[in-house]
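First up is the structure itself, then whatever we jot down about it.
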Amino acid sequence: MTQTIADRIEDLDWGAVSARMDDDGFVQTPPVLSASECRALGASFEAGRFRSTIDMRRYRFGEGEYKYFDAPLPEIIDGARHALYPPLAELANEWAQRLGEPATFPADLDDFLARCHRAGQRRTTPLILRYREGGHNTLHQDVYGDVAFPLQVVTLLDRPGEDFEGGQFVLLEQRPRAQSRAHVIDLERGAFLIFPTRHRPVLGTRGHYRATMRHGVATVRSGQRTTLGVIFHDAA
């Protein structure tokens, strides 16, 4: 019997995931989505239900296009979002405590979304992004209102080296009174890259301090690169 997306996510080694997040600030899981699921999600770029489409060049965000899925979300995306949230909320609360912030993220995604909705953030945020030759995404943070979850997820839907070349995921870390550090990550198809939305705690000589994080996409040299982004807070 084929495992559900929730089962596959639950079976991940979450202790190892949290340890890598603490050490590096990001982690890429083993592949979770199958090739057929990646193809189906990629095909939804043309055939899916969306609430908004963004031409990145128009807003000087880069070169490419992305679309926010409309509610109700596709079953596999909604299932992944709900299954990923609880272990990430536990980590988010641990990080908040280290930074001296309130550790108030609820254990259930629906409870967190209710908080978003009370703050006027009611629009869905999971999105699909597509880049072709020359496409890229400038460094940014995905924050859509006062309520923001500190972690998010991206997965690659196309085949690196076959469907496209280039287009590495770029994560920029800015520590206080230090030069920025870039992490350049080769995404694996169907795997989940987990990374900070805005900042992460880093242990220094005087305790933990806040490192600011931004992310983007390096230039696609050829072909077509499609990704699915899972953001846990809704938008105003």
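The values are calculated or read from the model by the stated rules, or taken from the named source; none is laboratory data. Treat the numbers as computed from the prediction; the structure is a model and nothing was measured. Because the Cβ atoms are built from the backbone with ideal geometry, glycine has one as well, and the counts that use them run over all protein chains shown. SASA here: full protein model, heavy atoms, side chains in, ligands and nucleic acids out. Shrake-Rupley method; radii C 1.70, N 1.55, O 1.52, S 1.80 Å.
Data table
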quantity: Other-chain or far-sequence residues with amide H under 5 Å of Thr219's (modelled H); calculated: Gly167
quantity: Å² of accessible area per residue within segment 27-72, as computed with a 1.4 Å probe and no ligands counted; calculated: 57
quantity: Cα-centred dipole magnitude for the chain, charges only on beta-carbon of K, R (+1) and D, E (-1), debye, nearest 20; calculated: 1040
quantity: Residue-wise HN-Hα coupling along segment 119-127, computed from phi with Karplus coefficients 6.51, -1.76, 1.60 (Hz; x: Gly, Pro); calculated: 8, x, 9, 10, 8, 5, 10, x, 8
quantity: Amide H within-cut-off set for Val27, under 5 Å, with H built and near neighbours excluded; calculated: Ile194
quantity: Chymotrypsin sites (Phe, Trp or Tyr not before Pro) within segment 59-139, DSSP loop, no more than 14 other Cβ atoms inside 10 Å; calculated: Tyr59
quantity: Sulfur and carbon atoms: percent of accessible area, the chain [1.4 Å]; calculated: 47
quantity: Per-residue HN-Hα couplings for segment 161-167 [Karplus 6.51, -1.76, 1.60; θ = phi - 60°; Hz; x = Gly/Pro]; calculated: x, 10, 8, 7, 10, x, x
quantity: Potential lengthening between His117 and Gln168 on full extension [0.36 nm per residue; Cα-Cα distance subtracted]; calculated: 15.0 nm
quantity: Sparse-neighbour loop sites [trypsin sites (Lys or Arg not before Pro); segment 93-129; at most 16 other C-beta within 10 Å; DSSP]; calculated: Arg122
quantity: Residue with peak Gaussian network fluctuation, the chain [Cα springs, cutoff 10 Å], from Thr104, Thr138, Thr155; calculated: Thr104
quantity: Protein-only accessible surface order, largest first, of Ile128, Ile54 at 1.4 Å; calculated: Ile54, Ile128
quantity: Segment 30-41 - phi-based ³J(HN,Hα) in whole Hz, Karplus 6.51/-1.76/1.60, Gly and Pro as x; calculated: x, x, 10, 7, 6, 4, 5, 5, 5, 5, 5, 5
quantity: Label-reachable residues, segment 141-183, where backbone N falls under 15 Å from a point 7 Å from Ala43's Cα toward its Cβ; calculated: 158
quantity: Listed residue (Val170, Leu151, Ala119) projecting farthest to the positive dipole end of segment 87-193, Cβ model; calculated: Ala119
quantity: Label-to-label distance, nm, for residues given as Thr205 and Thr219 (7 Å Cα→Cβ offset); calculated: 4.1
